[in-house]
Amino acid sequence: LKRFVPLNITMKRLAATLAMTTIVTDLLGFAVGSIMPDADSALAAGTPIMIIYMVLGIINPAGASENGEDKLPFFLRFLKAASPIRWAIESLCCGEFRGMKLTRERGLAMGGLMGV
């Protein structure tokens, strides 16, 4: 993928981030499986937990709303902070945008769709 898409993140950092995310999510699955009495209940409990972590991990990776306050309830903020998906997205964003100078062009607030 990196050969076809001009990413700014190094291949080493990309591979390390994806490997660490894989390890952490596997360990989370092992932890859920170890506290359940059998495999069926582990599968039944593990899937919703991972879906919650995925959904909370991709909600506003910057971490603040426009006015600076977080509108999530406390328990969702805790789950969002514990989400391995959130930390992987943040690491990839930091690696991709490090050293870039971003400018805002007038009339393109929504990318290319604003001019259409």
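The values are calculated or read from the model by the stated rules, or taken from the named source; none is laboratory data. Note that the structure is a prediction, hence the values are computed from the model and not measured. Reconstructed Cβ throughout: ideal geometry from the backbone, glycine too, with neighbour counts over all protein chains shown. Note: areas computed on protein heavy atoms with side chains; ligands, DNA, RNA excluded. Shrake-Rupley method; radii C 1.70, N 1.55, O 1.52, S 1.80 Å.
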(Q) Being surrounded by 13 or more Cβ atoms within 10 Å (Cβ to Cβ) and either touching a residue at least 40 places away in the same chain (Cβ under 8 Å) or polar (S, T, N, Q) (or both) is the filter here; which residues of the range 33-52 pass it? (A) S41
Q) Tally time: how many residues in the range 1-32 are among the aliphatic types (A, V, I, L, M), open to solvent by less than 100 Å² (accessible area, probe 1.4 Å) and part of a loop (DSSP other than H, G, I, E, B)? A) 3
Q. Just for the range 79-101: of the residues that are in contact with a Pro (Cβ under 7 Å, 6 or more places away or on another chain) and open to solvent by less than 50 Å² (accessible area, probe 1.4 Å), which one is farthest from L27 (Cα to Cα)?
A. I89
Q. Taking the range 4-43 as the region of interest, how many residues are within 20 Å of F97 (Cα to Cα) and among the hydroxyl-bearing types (S, T, Y)?
A. 3
